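Novice: Quick one: the structure is below, questions incoming.
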Amino acid sequence: TRRSSDLSPGKDLGRTLDRVALADRLGFDSVYTTHIAGRDSLSVLMAYASVSDRIRLGTGVLPALSRTPVATAQAAATIDEFSGGRMVLGIGISHKVTVENWFGATISKPVTQMREYAGILRALFRGEQPPEGEFFTTNFAFMGYQVRSDLPIYLAGLSPGMLRLAGEIGDGVVLWLCGPSYIRDVVIPAVREGRERAGKTLEGFDVVAAVPAALTEDRAAAHATMRGNLITYMSLPFYRTMLERSGFGDEIAAFDAGMQGGDTEAGLAGISERMLGELFAIGNADEVREGVGRYIEAGATSPGVAAVPGTDYAATLEAASDLL
């Protein structure tokens, strides 16, 4: 099991760079950054590389359809070269509302699109002719310098089909809001099935699971913050399906009832303490360690300590640093 951190810049990129340097000093194995309505994740990783020496640098995750496979391969290979071989390329299909409204692309056959996209990346890194596909075809080849042939490619997964694909063709899977029970009951079996399709075992396969964590005496305030942060995800189809499979159908129904009635407070109240306790690691040092530990017991090989806004992330990192 590896100690991982999940760090995405908010308002202050400089403060985030200080946190990356701290994670590096504390011995964390990896740091992942998201790619949402803010900074470009690949550019952010170059900044992370400049303030760290050994920690692995991952996108968690880059929306694949935001750019061509060639553009992604070039950027990832450049970061990998600059960082001395520390790049981990995490890619995901994202969501219809994001892909269509932000990037002008279309999700039509998500598993097929991800298979083709990742297949081209793998071929380019290995110096092989990229396969021709229904959605992606290129004759590009790297020239002028040696690209790391085994640069890791991780896939984001929520549904069993995408999780199986991650196991079959990826080096790891990146998860968000997948609690320990979902990891144990859905993620690991689906990934194992994908690995078996490829004639492989789970040995060496990385399960990266973000764990929003906070060392704090004010658990109620931290829970209130995370309830607000869940509004978007409670409205996205892929996440709703995953959360229902996780046993949170009652929470989704209560959330919907409140939001549809125009009562945001009632909607947020539908997100139960049981759900928050399952997904997050919030409280004193022992509770933070216990929360992260539940993810490890469920099968996460890289539980990623993620920040809860308004709490002391540096203190949380230090509390989790001696877990492993």
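Novice: Calculate what fraction, in whole %, of the accessible area of the chain sits on carbon and sulfur atoms when a 1.4 Å probe is rolled over the protein chains. Show your work: numbers first, answer last.
Specialist: On the way: 6730 of 13720 Å².
Carbon plus sulfur share of accessible area: 49 percent.
Novice: Hey, another quick one. What residues have an amide H closer than 5 Å to that of Lys109, excluding those fewer than 5 places away on the same chain, when H is modeled at 1.01 Å from N in the peptide plane?
Specialist: For Lys109, whose amide H was placed from the backbone, there are no distant partners under 5 Å.
Novice: Arrange the peptides 224-236, 48-60 so that the one whose residues have, on average, the most other Cβ atoms within 10 Å appears first.
Specialist: By packing density, highest mean first, the sequence is 48-60, 224-236.
Novice: At 0.36 nm per residue, and after removing the present C-alpha to C-alpha distance, how many nm does the segment from Ala269 to Phe82 gain when stretched out fully?
Specialist: Details: separation 187, 0.36 × 187 = 67.32 nm, distance 4.66 nm.
That pair, Ala269 and Phe82, stretches by 62.7 nm at full extension.
Novice: While we're on this one: Label-point separation (nm) for Thr106 and Ala220, each offset 7 Å from Cα along Cα-to-Cβ?
Specialist: 5.1
Novice: Could you tell me whether region 243-299 comes out rounded, prolate or oblate from its Cα gyration tensor? Rule is a ≥ b ≥ c as square roots of the eigenvalues, rounded for a/c under 1.5, then prolate if a/b exceeds b/c, otherwise oblate. Don't skip to the answer; put the middle values down first.
Specialist: Working: a/c = 5.00, a/b = 2.01, b/c = 2.49.
Oblate is the answer for region 243-299, as a/c is 1.5 or above yet b/c matches or exceeds a/b.
Novice: Could you give the length gained by full extension between Arg197 and Val51, i.e. 0.36 nm per residue of separation minus their alpha carbon distance, to one decimal place? Let's see the in-between values first.
Specialist: On the way: separation 146, 0.36 × 146 = 52.56 nm, distance 4.00 nm.
Between Arg197 and Val51, full extension yields 48.6 nm more.
Novice: Also, I was wondering about something else. In square angstrom, what is the accessible area per residue of the chain with a 1.4 angstrom probe? Don't skip to the answer; put the middle values down first.
Specialist: Values: 13720 Å² over 324 residues.
Computed with neighbouring chains in place, this is 42 Å² per residue.
Novice: Further question: For the modelled label position 7 Å from the Cα of Thr241 along Cα-to-Cβ, which residues of region 70-106 have backbone nitrogen atoms closer than 15 Å?
Specialist: Only 93-97 pass the distance filter.
Novice: Starting from the Cα of Lys96, draw a straight line to each of the lysines and keep only those under 17 Å, dropping any in the same chain fewer than 8 residues away.
Specialist: Partners found: Lys109.
Novice: For Lys200, give me every one of the lysines with a C-alpha distance below 24 angstrom, ignoring sequence neighbours fewer than eight places off in its own chain.
Specialist: In chain and number order, there are no partners.
Novice: Of Glu116, Glu203, Glu81, which has the most accessible area with a 1.4 Å probe, and how do the rest follow in descending order?
Specialist: Numbers: Glu116 30, Glu203 155, Glu81 115 Å².
Accessible-area ranking of Glu116, Glu203, Glu81, largest first: Glu203, Glu81, Glu116.
Novice: Ordered by packing density, taken as the mean number of other Cβ atoms within 10 Å over each peptide's residues, highest first, how do 169-180, 247-258 rank?
Specialist: Values: 169-180: 24.0, 247-258: 17.3.
Ranking the peptides 169-180, 247-258 by packing returns 169-180, 247-258.
Novice: For the chain, what does the relative contact order come out to in percent, with C-alpha contacts under 8 Å and a separation of six or more?
Specialist: On the way: 599 pairs, mean separation 58.1, N = 324.
This gives 18 percent for the chain.
Novice: Under the 0.36 nm per residue contour assumption, what length would be gained going from the current alpha-carbon distance of Asp250 and Leu26 to full extension?
Specialist: 76.7 nm
Novice: Something else: Return the whole-Å distance between the Cα centroid of region 152-203 and the Cα centroid of region 47-125.
Specialist: Between the Cα centre of region 152-203 and that of region 47-125, the gap is 18 Å.
Novice: Return the calculated 222 nm mean residue ellipticity for the chain, to the nearest 500 deg cm²/dmol, obtained by summing -39500 (n - 2.57) across DSSP H runs with n ≥ 4 and dividing by the residue count. Don't skip to the end; give the middle numbers.
Specialist: Details: 14 runs with 157 residues, N = 324.
After summing the helix terms and dividing by the residues of the chain, the value is -15000 deg cm²/dmol.
The values are calculated or read from the model by the stated rules, or taken from the named source; none is laboratory data. Values in this document were obtained by computation on a predicted structure and should not be read as measured data. Positions of Cβ are generated from backbone atoms using ideal geometry, with glycine treated the same way; all protein chains shown enter the neighbour counts. These area figures cover heavy atoms from the full protein model, side chains too; ligands, DNA and RNA do not enter into them. Shrake-Rupley method; radii C 1.70, N 1.55, O 1.52, S 1.80 Å.
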